[in-house]
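Student: Take this structure first; my questions come after.
The values are calculated or read from the model by the stated rules, or taken from the named source; none is laboratory data. Given the structure is predicted, the values throughout are model-derived calculations rather than measurements. Glycine also receives a Cβ, built like all others from the backbone with ideal geometry; neighbour counts cover every protein chain displayed. Calculation scope for accessible area: heavy atoms of the full protein, side chains included, ligands and nucleic acids excluded. Shrake-Rupley method; radii C 1.70, N 1.55, O 1.52, S 1.80 Å.
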Amino acid sequence: MSLDLQTLAALSVGDVIAERDFSLTRDSLVRYAGASGDFNTIHYRDDIAKSVGLDGVLAHGMLTMGLAVQPVLDWLGDPALIDDYQVRFTRPVYVDAETGATVSVIAKVGQLDAEAGTARIDLVVSFNEATVLGKAQVRVHAG
Amino acid sequence: MSINPELQGRVYPQTPGYLVGREKIREFSRAVLSANPLNFDVEAAQAAGYADLVAPPTFAIVMQELTLQQLLADEDAGIELSHVVHGDQRFSQSRPIVAGDELTATMTIASVKTLGGNAMITSESRIEDAEGNHVVTSISTLVVRGDS
């Protein structure tokens, strides 16, 4: 099932369409580095991260961006219904060597045009009670 | 070293073709914690009308990475990776990337701005398939911290 016009028209701005928590460990960062080709050392070496003024190893921004859209994709059904996805990286997600990190995603309807069959889904993505992405928006259309 | 303001408007050569493989899509999908069958199960993807496995929307970063290498290798640009922070990212897609696609990327430097001691470079990488049709444009702003 993918998002159809009828389902879209029944939405209201502010509706939560999906939410999910993601657990990250240092292993997740190594896996993402390999898969994406981003081997920036601040994502696996605490000493280097600290030398550039960070608290320690942090998740790749693109890992956070990549996981944050997953609940929206599952809700949409068909990934072709996404027209545009953008984020601004505002705060680091520090991944503790022992306890890891939990990233929470809440996806809400931010804007709706039932006539055009389009919607903007806004993502609230947080870690340690603070948002880590700004202007995280997924523009979608009904199929 | 400061960022060359003449970068603005520069268009880099189209990258060589990148053949999107099934296992690469599975690997990337696991890495972004996807559990979506369209990313892993060929039958599920075909049942949904796709020729093969579908890549997650941020997979285009793999193509953008290739264009970023061009920018970093450009001695005239004056950018050192250790000084770079990712500011924002956007993907505008015509269709999802699918296994079997042979993609190229062409990067244009859309803007170069300096703010305080930092420079902000916005690049647009237009990603096309083997037929020359638009698949996705990957737009990225890198913040390059000035020497302190």
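Student: Say whether the condition of being out of contact with any Lys or Arg (no Cβ under 9 Å at 6 or more places or on another chain), small (Gly, Ala, Ser) and surrounded by 15 or more Cβ atoms within 10 Å (Cβ to Cβ) is met by at least one residue in segment B:123-132.
Tutor: yes
Student: Applying the selection to segment A:47-75, what residues are of a type in the set (A, V, I, L, M), in contact with a Pro (Cβ under 8 Å, 6 or more places away or on another chain) and within 10 Å of chain B (Cβ to nearest Cβ)?
Tutor: A:69, A:73
Student: Scan A:101, A:68 and give me the residue that is under 21 Å from residue B:140 (Cα atoms) and either among the hydroxyl-bearing types (Ser, Thr, Tyr) or modelled with pLDDT of 95 or more (or both).
Tutor: Details: A:101 fails: under 21 Å from residue B:140 (Cα atoms).
Within the list A:101, A:68, the selection yields A:68.
Student: What tally of residues in segment A:18-43 results from selecting those that are open to solvent by 30 Å² or more (accessible area, probe 1.4 Å) and under 27 Å from residue A:121 (Cα atoms)?
Tutor: Going through segment A:18-43 one residue at a time, the tally reaches 4.
Student: Looking at (1) more than 13 Å from the chain's Cα centre (by Cα); (2) in contact (Cβ under 8 Å) with a residue 24 or more places away in the chain; (3) at the interface with chain A (Cβ under 8 Å from one of its Cβ atoms), which is the only condition residue B:91 fails?
Tutor: Of (1) more than 13 Å from the chain's Cα centre (by Cα); (2) in contact (Cβ under 8 Å) with a residue 24 or more places away in the chain; (3) at the interface with chain A (Cβ under 8 Å from one of its Cβ atoms), only one is false for residue B:91: (1).
Student: Taking segment A:1-46 on its own, how many of its residues are more than 15 Å from residue A:100 (Cβ to Cβ), within 11 Å of chain B (Cβ to nearest Cβ) and free of Cβ contacts under 8 Å to residues at least 12 places away in the same chain?
Tutor: Taking segment A:1-46 and keeping what is more than 15 Å from residue A:100 (Cβ to Cβ), we get A:1-20, A:33-42, A:45.
Those left that are additionally within 11 Å of chain B (Cβ to nearest Cβ): A:1-2, A:20, A:33-42.
With the extra rule that they be free of Cβ contacts under 8 Å to residues at least 12 places away in the same chain, the set shrinks to A:34-35, A:37, A:39, A:41.
Result for segment A:1-46: 5.
Student: Report, by residue number, each residue of segment B:67-100 that is open to solvent by less than 20 Å² (accessible area, probe 1.4 Å) and either at pLDDT 90 or above or within 20 Å of residue B:32 (Cβ to Cβ) (or both).
Tutor: Correct list: B:67, B:71, B:87, B:89, B:91, B:96, B:97, B:98, B:99.
Condition check ((1) surrounded by fewer than 22 Cβ atoms within 10 Å (Cβ to Cβ); (2) under 24 Å from residue B:90 (Cβ atoms)) across all residues:
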site: B:7; (1), (2): yes, yes
site: B:11; (1), (2): yes, yes
site: B:31; (1), (2): no, yes
site: B:47; (1), (2): yes, no
site: B:65; (1), (2): yes, yes
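Student: Go through segment B:56-100 and give me each residue that's touching an Asp or Glu at 6+ places or on another chain (Cβ under 9 Å) and part of a strand (DSSP E or B).
Tutor: Within segment B:56-100, B:90, B:91, B:92, B:93, B:98 meet the criteria.
Student: When you scan segment A:101-112, do you find a residue that is open to solvent by 40 Å² or more (accessible area, probe 1.4 Å), more than 14 Å from chain B (Cβ to nearest Cβ) and over 14 Å from residue A:141 (Cβ atoms), even just one? Give the steps one after another, and end with the answer.
Tutor: Applying the first criterion (open to solvent by 40 Å² or more (accessible area, probe 1.4 Å)) to segment A:101-112 yields A:102, A:106, A:108, A:111-112.
Cutting the leftovers down to more than 14 Å from chain B (Cβ to nearest Cβ) gives us A:106, A:108, A:111-112.
Still in the running and over 14 Å from residue A:141 (Cβ atoms): A:106, A:108.
Yes, because at least one residue in segment A:101-112 is open to solvent by 40 Å² or more (accessible area, probe 1.4 Å), more than 14 Å from chain B (Cβ to nearest Cβ) and over 14 Å from residue A:141 (Cβ atoms).
Student: Among residues belonging to segment B:3-35 that are more than 12 Å from every other protein chain (Cβ to nearest Cβ) and hydroxyl-bearing (Ser, Thr, Tyr), point out the one that is nearest to the chain's Cα centre (by Cα).
Tutor: Per the stated criteria, the residue is B:15.
Student: Something else about it: Might you check whether a residue that is more than 9 Å from chain A (Cβ to nearest Cβ), in a loop (DSSP other than H, G, I, E, B) and aromatic (Phe, Trp, Tyr) occurs anywhere in segment B:36-55?
Tutor: Yes, the conditions are met somewhere in segment B:36-55.
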